[in-house]
1. So, with +1 on the Cβ of K and R and -1 on the Cβ of D and E, and no other charges, what is the size of the charge dipole of segment 10-219 about its Cα centre, to the nearest 20 debye?
2. Do any GluC sites (Glu not before Pro) in segment 126-177 lie in a DSSP loop with no more than 14 other beta carbon atoms within 10 Å, and if so, which?
3. Got a sec? How would 88, 163, 109 order by Cβ neighbour count within 10 Å, fewest to most?
4. Can you tell me the FRET efficiency between residue 180 and residue 57 if r is taken as the Cβ-Cβ distance and R0 is 41 Å, rounded to the nearest 0.05?
5. Working from the alpha-carbon coordinates of the chain, get Rg over Rh, Rh being the Kirkwood radius.
6. Quick one: order 78, 105 by neighbouring beta-carbon count within 10 Å, fewest to most.
7. Thinking of segment 102-214 as a set of Cα atoms, what percent of all their pairs are more than 22 Å apart?
8. Just rank 81, 201, fewest to most, by other beta-carbon atoms within 10 angstrom.
Amino acid sequence: MAQLIGSLDADRVRANVARVRDRIADAAAGAGRDTDDVELLAAVKYVPVDQLGVLRDAGIELVGENRAQELARKRAEHPDFIWDFIGTLQSRKVRELLEGVRLIHSVATDSALAQLERHGDGEATEVLVEVNLSGEASKAGVAPAELAGFVARCPVRVGGLMTLPPPADNPERSRPYFARLRELSQRMGLARLSMGTSQDFEVAVQEGATIVRIGTILYR
């Protein structure tokens, strides 16, 4: 999706949400996991503020926005959702984001750490560190070899890790990245794993995701 969605069909969204929850449950059961350990986050970058109520009525409680300004605007209109920030993090936006989100999923630079030190609240502030597992120069994230040092320098609580594998038509191509992120999180004793989108969330759940970020398939 490259532009804002028009009016959402409430019945379709409700059915899509139920279908995605069933797929999460099946993937979790197949991996011997408890479905309750996986949160469904609705990515709302392309959902107009006046359509967010359709998601609430469909049972969505957790939403994620990619842009700080839009998150503030949407949250002001819909404070009943739990809000996460899931976009690329600009360090100058850290202060305003901390006022309105449960988690920032994309902490990955020393400049962001500096802002967290200035404006965060120690253990009361929780973030996720984005990890670049593909080695793509164009992709944000901390390299695995630098992760332990980065987490140690973080002045607030690191609750877990996030990653975005390269786009792929076959969800199985994402599996090695998700498995690697799980291994890193286990080694570091971190509980949250934000991984998996509309294209590959079932594989992510099988590999240990605790948050899956779903957009397109909830709305079409």
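Values quoted throughout were computed directly from the atomic coordinates according to the rules given, and no laboratory measurement underlies them. Predicted, not measured: the structure shown is a model, and the values here were computed from it. For neighbour counting, all protein chains shown are included, and Cβ atoms are generated from backbone atoms with ideal geometry for every residue, glycine included.
1. Dipole magnitude for segment 10-219 comes out near 340 debye.
2. 136
3. The order, fewest Cβ neighbours first, is 88, 109, 163.
4. Given R0 = 41 Å and the Cβ-Cβ separation, E is 0.60.
5. 0.95
6. 78, 105
7. Value for segment 102-214 (Cα pairs over 22 Å): 28 percent.
8. 81, 201
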